[in-house]
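Here the structure is laid out as structure tokens; the discussion comes afterwards.
Only the coordinates and a few stated rules stand behind these numbers; no lab work does. It should be emphasised that the depicted structure is a prediction, and the values quoted were computed from it without experimental measurement. Counting neighbours? That spans all protein chains shown, and the Cβs are built from the backbone with ideal geometry, glycine included.
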Amino acid sequence: MHRRTFIAATLGGMAGAAAVDAAEADQLPLHSGAALAFGTTISIAVRHADPESAQQAIAAALGEARRVDALMSLHQPPSQVFRLNRDKVLHGPDRHLLTVLEHARTLSRLTQGAFDITVQPLWRAFDAAHGVPPDAERMRAQRLVGWTQVQAGPERVVLARPGMAITLNGLAQGYATDLALAALRRHGIRHALIDTGEYGALGRAEGRPWHLGIRDPRREDALAASVVLDGRCVATSGDYASAFTSDLRHHYIFDPASGDSPTELASVTVLAPTGLEADGLSTAFMVMGARRAHALAAHLPGVDLLTIGKDGARWKSSGFPAA
């Protein structure tokens with residue numbers, strides 16, 4: 001999986017946290033840990049009084065994230081997604097895989113197909129061409145796209161059309177964030193920041209909430225905005241992360257309706273109650289474009305977003321917690 005490193009974290013939680021929590025966070029030492037997952041390094045920082053307990057919590061949280069990667073990797077032969085794409089049927093799917101597949105189906109329905117995990121044949125066609133494939137090849141791949149053709153149940157998962165393949169790269173890192181947060185809570189951690197490529201936080205750090213700097217999609221060394229983490233998770237999708245052409249016109253996000261990359265937006269940052277929601281919506285909103293994305297987000301509880309167009313136009317929803 002390709003980690004989407006679009007957001008630079010800064011130590012900085014929950015908006016409106018009690019004063020005692022702030023004072024507590026100020027006095028707690030910082031502990032950190034990292035691991036390889038999703039093709040990159042994921043990291044966790046926590047503030048906790050006991051170093052041994054902190055490291056146990058970090059190890060448990062990193063383990064949860066690595067388990068998601070092991071289940072849902074496109075490239076590791078033991079993963080259930082790899083085996084499903086290879087064999088077109090997977091017997092005995094893991095409960096976590098079923099959770100993510102069910103969310104994918106719900107999101108596809110909600111976005112009228114803008115989000116679709118079966119776009120993997122399009123990615124393969126562009127990757128094989130090292131750029132834009134011939135129209136005939138692109139159209140052949142597009143005919144294999146169709147989220148309704150994924151049949152998932154406790155006994156097995158089936159890809160109904162020969163040649164189909166799925167990708168969970170638009171959901172897995174967000175889901176890993178959710179599982180990692182849950183692991184930290186089980187270990188009594190009250191102040192933490194998780195970076196799996198998507199972000200989640202608990203409590204505070206150094207007397208203020210955690211802050212994230214959102215990368216400018218056209219300048220790697222510049223920030224487009226900053227956001228205060230208010231208890232929600234954060235995900236960003238952008239055209240610059242894995243592009244097939246130098247003009248960023250063709251990249252790793254695909255519009256199922258066109259068989260090519262969406263043309264309006266350069267990046268989308270989403271805050272949502274869970275990492276799974278934030279991750280999936282950031283991809284879907286890239287496909288939908290700014291107007292449709294903001295209209296849908298206005299009806300989704302706890303969802304806010306920042307869209308940045310290829311023309312530089314920026315649009316924040318009213319509840320976006322800018323720093």
query = Of ALA284, LEU90, PRO77, whose Cα points farthest to the positive end of the dipole of the chain (charges on the beta-carbon: +1 Lys, Arg; -1 Asp, Glu; origin at the Cα centre)?
reply = LEU90
key: Cα-centre dipole for the chain with unit charges at Cβ (Lys and Arg positive, Asp and Glu negative), debye to 20   = 660
key: Percentage, to the nearest whole number, of Cα pairs in region 159-207 over 18 Å apart   = 45
query = With N residues in region 180-323, what two-decimal value do you get for its Cα radius of gyration over 2.2 N^0.38 Å?
reply = 1.06
request  = For ARG186 paired with ALA298, estimate the spin-label separation in nm (one decimal), with each label point 7 Å from Cα along the Cα-to-Cβ line.
outcome  = 4.1
query = Given the Cα-Cα distance of ARG143 and THR41 and 0.36 nm per residue of separation, how much length would full extension add, in nm?
reply = 33.2 nm
ask   = Using the 10 angstrom Cβ neighbour count as an exposure proxy, how do SER317, SER79 rank, fewest first?
value = SER317, SER79
task = For region 40-150, just list the percent of Cα-Cα distances falling in each 5 Å bin from zero outward, please.
result = 2, 10, 14, 16, 17, 15, 10, 7, 5, 3, 1, 1, 0
Lys/Arg +1, Asp/Glu -1 at C-beta; the chain dipole; positive extreme among ALA172, GLY203, LEU184 = ALA172
inquiry  = Given a Förster distance of 22 Å, report the FRET efficiency between ALA136 and ASP311 from their Cβ-Cβ distance, rounded to the nearest 0.05.
reply    = 0.10
